[in-house]
Every structure is written in C-alpha cells, then in structure tokens.
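Okay, structure first, notes after.
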Amino acid sequence: MPIKGGGFARKSEASSEVPNSSMADIAFLLLVFFMVTTVFQKDRQRPIVWPEAEATQKIDEKLKNIQNIWVDRDGSIFINDRAFEMSEVATIIGPLYVASDRALVISIRGDREVTYQTIDLLQQQLVAAGVVRVVFATMLEQRMTRERR
Amino acid sequence: MAILDKKKSKVSDEVPSASMADIAFLLLIFFLVTTNFPKDKGLAIVLPEQGEDVQVSQRNILHMIIMPNGIVEIKRGESSQVQQVSPSAIEGLWRQEVAENENMIAAVKTHPDAPYKYMVDVLDALHMAGAERISLQLFEG
C-alpha cells in the first residue's frame, strides 16, 4: 500500500481561519465613518421659553430641509446664529428656499411671550419669500400636566 | 544563583491587543447610542401664496379674536354678537360648529400685543379638533 504523499505529511500553509487581527481596523473604520457622516444642527439653542401644544407633531421632513428662525423674547430674530432685522428675513430666506427646490420648511421658534405682531410680520416676510410650509415649533404638552388657561 | 537569574516571568509585559476590537466596538456602540437627532416638533401650517386672495362668504367664517389677556372673542360671520371663551373651550366649540357647517373656516385674529402663546393655544385647540381651514390674521381696530 503506497504511503500517501510519499511519506511526508504535507501541511497547508494557508490558514483556514478568518483573520481577526484586522477586526479592530474595521471597527475603527465604522466609528470614523459614523462620526464623519453625522450632521449636527447648525445653530445653537437660544434661550427661549417654548410654547406648549397638545397637538404637537413631528415634522416629516429631512433635517437639512428645515430652517429654524428664532424669535427671542424681545422680538429679535436669529437665523443660523446671526441676528437679522425683520425686513431682511425675506431676502435671506428667499434664496435658501429656491436652493432647496421649494422643499424648505420654516420652523418658527418663538418665545411664548413674544407679541403676536412680531410673528405676524415674520409671516408676511415668509409669504414675500414665497415660503408655504411653516411650522410653529412647540413642546408637546401632556393633558395631565397642563396649566389652566 | 545563576540558575535563579534565568527564571523567566510568565506574566506578559505587553498590553493585550486581543481586546482592542472589543474596546473599539464599545466606543462605536456608545457613540451610536448617545447621539440623538433632535427631531423638530411643532404645529404645521400652510401659508397662503403671495397675492392669493380668496373671497369667502361671511356665513362660513368663525372669527376668533384673541385679546392680550388670553380671552378669545367668538364672532359668527356678520352677526355682531360676541361670545367670550377661554382657549381650552375652543376645541369643543369648533367640533360643534363643523357639525353644523362643514365648510367653516377658522379666522384666528390675534391682537398685536397678545403674547404668541395664546395664538399657539388656539391653534393647538383647532388642530386637536381636526380643523384644516385656518386663517391667521392680525386683529385690527
């Protein structure tokens, strides 16, 4: 009976295991990928007191298509961390609206104590800019904890 | 003594690198979990386009005039009768009105000096009552 392999026990030099020394590299790659692709909001929170509403709904729109307009208690207007005059709003928002393929949603983040006159002027500016979809940003109000009004 | 010097320590002096992957995954999962995307929330409304004026019969309009103290004055169409309610009563009131006339339009007129929150309260009540035809105006005079 002939001896298999001529008597030499031939060993394969190729490892049959999946290399796991590169696992760490893959993990770091994923880590870096997610860190790079994560987009954070452009503007910082402003110190406003949110109005509350029970009918608060999530805005069904991509984050990049939502433009915040902050209205402070004293009526000053902030867009992307910069203060603007009321009359400038239409000229700022207009080009942004066109650039977004008319998909832009304006989120009015107004302080609850700001006078309605300010909000009305802002709406007029938005109408002049051609914006149609507007959201009054509110906090969700629970019926149980609702203050009497 | 020479024999004793040759004794090797069995404890490895290297940092174990086998658990590096575990640490990396731990970091990955930590950042995935702690990153929160703040979803914007609010009351959506569609503004009219510029120059879009619609003539509506006074019969189909329910005027809601929001005063600076938060009291809402309800006026139906052309009648001069005024009913004073609080914003929380509007939800039920609107349901009643729509049951009577399904073409009803809510004309929310806010006093220029009224705080924004009262307008949000009324808008909230209208949203809760399922109103779709809402007009936001500034109260004049």
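The table below lists the values:
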{"quantity": "Enumeration of residues in the stretch A:26-63 that are within 9 Å of chain B (Cβ to nearest Cβ) and assigned to a helix (DSSP H, G or I)", "calculated": "A:I26, A:A27, A:F28, A:L30, A:L31, A:F34, A:M35, A:L63"}
{"quantity": "Evaluation of B:P16 against (1) under 26 Å from the mean Cα position of the chain (by Cα); (2) at pLDDT 75 or above; (3) exposed (fewer than 10 other Cβ atoms within 10 Å of the Cβ) (one fails), failing number", "calculated": "(1)"}
{"quantity": "Residues being part of a strand (DSSP E or B) and either within 14 Å of chain A (Cβ to nearest Cβ) or modelled with pLDDT under 85 (or both) - total across the stretch B:65-74", "calculated": "3"}
{"quantity": "Among (1) under 21 Å from the mean Cα position of the chain (by Cα); (2) in a strand (DSSP E or B) - the single one B:W94 does not satisfy", "calculated": "(2)"}
{"quantity": "Total residues in the stretch B:122-141, condition assigned to a helix (DSSP H, G or I), touching a residue at least 40 places away in the same chain (Cβ under 8 Å) and touching a helix residue (DSSP H, G or I) at 6+ places or on another chain (Cβ under 7 Å)", "calculated": "1"}
{"quantity": "Verdict on A:R112 being of a type in the set (K, R), without any contact (Cβ under 8 Å) to a residue 12 or more places away in the chain and within 20 Å of A:Q45 (Cα to Cα)", "calculated": "no"}
{"quantity": "Residues located in the stretch B:42-64, provided they are among the β-branched types (V, I, T) and part of a strand (DSSP E or B)", "calculated": "B:I45, B:V46, B:I61"}
{"quantity": "Out of B:L138, B:L93, sole residue that is more than 30 Å from A:Q142 (Cβ to Cβ) and out of contact with any strand residue (DSSP E or B) (no Cβ under 6 Å at 6 or more places or on another chain)", "calculated": "B:L138"}
{"quantity": "Selection status of A:Q124, assigned to a loop (DSSP other than H, G, I, E, B) and either touching a Gly at 6+ places or on another chain (Cβ under 6 Å) or of a type in the set (S, T, N, Q) (or both)", "calculated": "no"}
{"quantity": "In the stretch B:112-121, the residues that are touching a residue at least 24 places away in the same chain (Cβ under 8 Å) and buried (at least 20 other Cβ atoms within 10 Å of the Cβ)", "calculated": "B:A114, B:P115, B:Y118, B:M119, B:V120, B:D121"}
{"quantity": "Single residue of the stretch A:81-109 satisfying the filter (basic (K, R) and within 14 Å of chain B (Cβ to nearest Cβ)) that is farthest from B:S135 (Cα to Cα)", "calculated": "A:R102"}
{"quantity": "Residue among A:D25, A:D43, A:D72 that alone is buried (at least 17 other Cβ atoms within 10 Å of the Cβ) and either under 17 Å from the mean Cα position of the chain (by Cα) or on the phi < 0 side of the Ramachandran plot (or both)", "calculated": "A:D72"}
{"quantity": "Per-region count, the stretch B:33-47, residues facing another protein chain (nearest Cβ under 7 Å) and modelled with pLDDT of 80 or more", "calculated": "7"}
{"quantity": "Scan of the stretch B:46-80 for residues that are surrounded by 18 or more Cβ atoms within 10 Å (Cβ to Cβ) and either in contact with a Phe, Trp or Tyr (Cβ under 7 Å, 6 or more places away or on another chain) or of a type in the set (S, T, Y) (or both), ordered by number", "calculated": "B:I65, B:I66"}
{"quantity": "Test: residue in the stretch A:70-78 that is more than 30 Å from B:A89 (Cα to Cα) and in contact with a Lys or Arg (Cβ under 7 Å, 6 or more places away or on another chain)", "calculated": "yes"}
{"quantity": "Restricting the stretch A:110-145 to residues that are within 14 Å of A:T91 (Cα to Cα) and polar (S, T, N, Q), the residue that is farthest from the other protein chains (Cβ to nearest Cβ)", "calculated": "A:Q125"}
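Conditions tested, residue by residue: (1) at positive phi; (2) of a type in the set (A, V, I, L, M); (3) surrounded by fewer than 13 Cβ atoms within 10 Å (Cβ to Cβ); (4) within 14 Å of another protein chain (Cβ to nearest Cβ).
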{"residue": "B:V82", "(1), (2), (3), (4)": "no, yes, yes, no"}
{"residue": "B:A89", "(1), (2), (3), (4)": "no, yes, no, yes"}
{"residue": "B:V98", "(1), (2), (3), (4)": "no, yes, no, no"}
{"residue": "B:E102", "(1), (2), (3), (4)": "no, no, yes, no"}
{"residue": "B:A106", "(1), (2), (3), (4)": "no, yes, no, yes"}
{"residue": "B:K109", "(1), (2), (3), (4)": "no, no, no, yes"}
{"residue": "B:D124", "(1), (2), (3), (4)": "no, no, no, yes"}
{"residue": "B:Q137", "(1), (2), (3), (4)": "no, no, no, yes"}
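The values are calculated or read from the model by the stated rules, or taken from the named source; none is laboratory data. None of these values were measured; they are calculated from a predicted model. A quick note on method: Cβ atoms are made from the backbone with ideal geometry, for glycine too, and the neighbour counts reach across all protein chains shown.
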